[in-house]
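Worksheet for the structure shown next.
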Amino acid sequence: MHISHDDHTTTIAVSTLVFAAMDTTSGALARILHLLAEHQEVQARLREEISAALQKNNGEKPSYDQLHEL
């Protein structure tokens, strides 16, 4: 069975997927930032870890693997 989609249908499908992912990501980031604001001791510890990672890399962005070590 072959189902044919026109460009409009494909555009709508892709747009739905992209915007759904953006909504999920923005919601997660908002929640993370809210929790960090509520728990300033965790925020301070995270800031220290990020600063240490940056110093270890001479101010360059941490690599993907280094981010997983945080």
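The values are calculated or read from the model by the stated rules, or taken from the named source; none is laboratory data. Everything quoted here is computed from the prediction, not taken from an experiment. When the accessible area is computed, the model is the full protein with side chains, heavy atoms only, and any ligands, DNA or RNA have been set aside. Shrake-Rupley method; radii C 1.70, N 1.55, O 1.52, S 1.80 Å.
As a check on your grasp of the helix formula, calculate [θ] at 222 nm for the chain: sum -39500 (n - 2.57) over DSSP H runs of n ≥ 4, divide by the residue count, round to the nearest 500.
Mean residue ellipticity at 222 nm (helix-derived): -26500 deg cm²/dmol.
Using 0.36 nm per residue of separation minus the Cα-Cα distance, give me the extension gain between GLN40 and VAL18 in nm, one decimal.
Extending this stretch completely gives an extra 4.6 nm.
What whole-number value in Å² describes the accessible area per residue of the chain for a 1.4 Å probe?
Accessible area per residue: 90 Å².
Using the 2.2 N^0.38 Å rule of thumb for compact globular proteins, work out how the chain stacks up: its C-alpha Rg over that value, please.
Rounded to two decimals, the normalised Rg is 1.80.
Give me the percent of accessible area attributable to carbon and sulfur for the chain, probe 1.4 angstrom.
Numbers: 3840 of 6300 Å².
Carbon and sulfur: 61 percent of the exposed surface of the chain.
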